[in-house]
Amino acid sequence: MKNLLTNRQCRGAALLRPIAALLLALLFFLGARNAHAQSLRIAAASDLQFAFADLAARYEKQTGAKLAITYGSSGNFFAQIQNGAPFDLFFSADIAYPRKLIDAGFAESDSRYTYAFGRIVLWLPPESPLIPANLQWNTLLDARIQRIAIANPEHAPYGRAAVAALQKAGLYERLKSKLVYGENISQAAQFVLSGSAQAGILALSLATAPAMKSGKYWEIPRDLYPPLEQAVVLLKSSSNKPAARAFLAFLQTESARATLARYGFTLPTASELREARP
C-alpha cells in the first residue's frame, strides 16, 4: 500500500509539473507585457514637437513601445525635475540644464549627449506685406510691427538666443518695448499665428513645420547668438531605464538624425558628440 501511494504521488507530481511551468510562463508573459506597456515619460523642449511627433510615431510602430511626451520650456522642466517630476528622459534646448542635473545628482552622467543644434529665424505670417528675407533686421523697425514674440528668456533657451541676437545687432534697446513673451517657443509662435504679434523670433524647427511653413522667414546669422547646443539626459529616478536607453539608441540612428535635420536642426559632428560627453 505504501508503494502504491508513493507511485500515485509521483504520478500526481509529474502531472503538476507542466501545469506549474505553464503558470510560471503565463506570469512571466503578463509581467513582461505590463512592463512593455509602461509608457516612456519624456520631457521635451517645445522646438521638438513636430520632429518628435514624426519620430515617436515611427518608433512606436517599429517597437510597440508607448511614448508619453510633454513639451515645454527647458527651464521649467529643470525646476520640475528637481521637485520630483516623474520623467524618464529630459530633452533640453540647451546643454546647461542637463549638466546641472548631473552635477546635482538627478541624472545619469553617462547618458548625456548632444542630439542637435537649434537655429533661430525672424518669422512673419503669410499675409504680412513685409518680406523678412529682403529687409532682415529692418523688418522689425517697420511701424507695422507693433509686437514681436519671443520665448521668455528667463527659462527658455530660444528666448535667450533671441535677446542675444537683438543685442548684438544693436536693436534690443530700441525694440524691447515691443517684445511679448511666450511661456515657451511654441507659445511665442502661437502669438504670431493668432495675430497677437506681427513677428516672432522663433525656432527654425517650428518655422519649417507644416503649420507654419506658409509663412515668411529670415534665418538670423548664427554668429549673433550663442550656440543652441541641445542635449538629452536620462534621469536617475526613472523606473524604465532600459526602454529609455533603447529610445536614445534609436535617436542616434542615421534615419532619426536625418529626420531631425529635415526639421531644421543642425546635427553635431562626430567630434562634437565626443566633446559633449562627460
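The values are calculated or read from the model by the stated rules, or taken from the named source; none is laboratory data. All values reported here derive from a predicted model rather than from experimental measurement. We place every Cβ from the backbone using ideal geometry, glycine too, and count neighbours over all the protein chains shown.
For region 112-160, how many residues are closer than 19 Å to Pro221 by Cβ and modelled with pLDDT under 95?
0
Scan region 101-123 and report the pairs whose first residue is in contact (Cβ under 8 Å) with a residue 60 or more places away in the chain and more than 30 Å from Ala197 (Cβ to Cβ) and whose second residue is aromatic (Phe, Trp, Tyr) and buried (at least 17 other Cβ atoms within 10 Å of the Cβ), with Cβ atoms within less than 8 Å and a gap of 6+ or a chain change.
These pairs meet every condition: Leu101/Phe78; Leu101/Phe90; Ala107/Phe90.
Out of region 120-132, which residues are buried (at least 22 other Cβ atoms within 10 Å of the Cβ) and either charged (D, E, K, R) or in a helix (DSSP H, G or I) (or both)?
Scanning region 120-132 gives a single hit, Pro132.
Between a residue in region 52-72 that is free of Cβ contacts under 8 Å to residues at least 12 places away in the same chain and any residue that is surrounded by 12 or more Cβ atoms within 10 Å (Cβ to Cβ), which pairs come within a Cβ distance under 7 Å, given they are 6 or more apart or on different chains?
Glu60/Lys66; Glu60/Leu67
Which of the residues that make up region 62-80 are surrounded by 14 or more Cβ atoms within 10 Å (Cβ to Cβ) and not aliphatic (A, V, I, L, M)?
Listed by number, the residues that qualify are Thr63, Lys66, Tyr71, Gly72, Ser73, Ser74, Gly75, Asn76, Phe77, Phe78, Gln80.
Okay, residues lined up against (1) more than 18 Å from the chain's Cα centre (by Cα); (2) touching a residue at least 40 places away in the same chain (Cβ under 8 Å):
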| site | (1), (2) |
| --- | --- |
| Pro126 | yes, yes |
| Trp137 | yes, no |
| Ala151 | no, yes |
| Pro157 | no, yes |
| Ala165 | yes, yes |
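Which of the following residues is polar (S, T, N, Q), surrounded by fewer than 17 Cβ atoms within 10 Å (Cβ to Cβ) and at negative phi: Ser238, Ser205, Ser194?
Result of the check over Ser238, Ser205, Ser194: Ser194.
Exactly one of these conditions fails for Ile95: (1) within 24 Å of Ser39 (Cβ to Cβ); (2) not assigned by TED's automatic domain parsing to the domain that holds Ile201. Give me its number.
Looking at each condition in turn, Ile95 falls short on (1).
Quick one: which helices (runs of 4 or more DSSP H) sit completely within region 155-253 and have at least 2 residues that are out of contact with any Cys (no Cβ under 6 Å at 6 or more places or on another chain) and in the same structural domain as Ala104 (by TED's automatic domain parsing)?
The qualifying helices (runs of 4 or more DSSP H) are 241-251.
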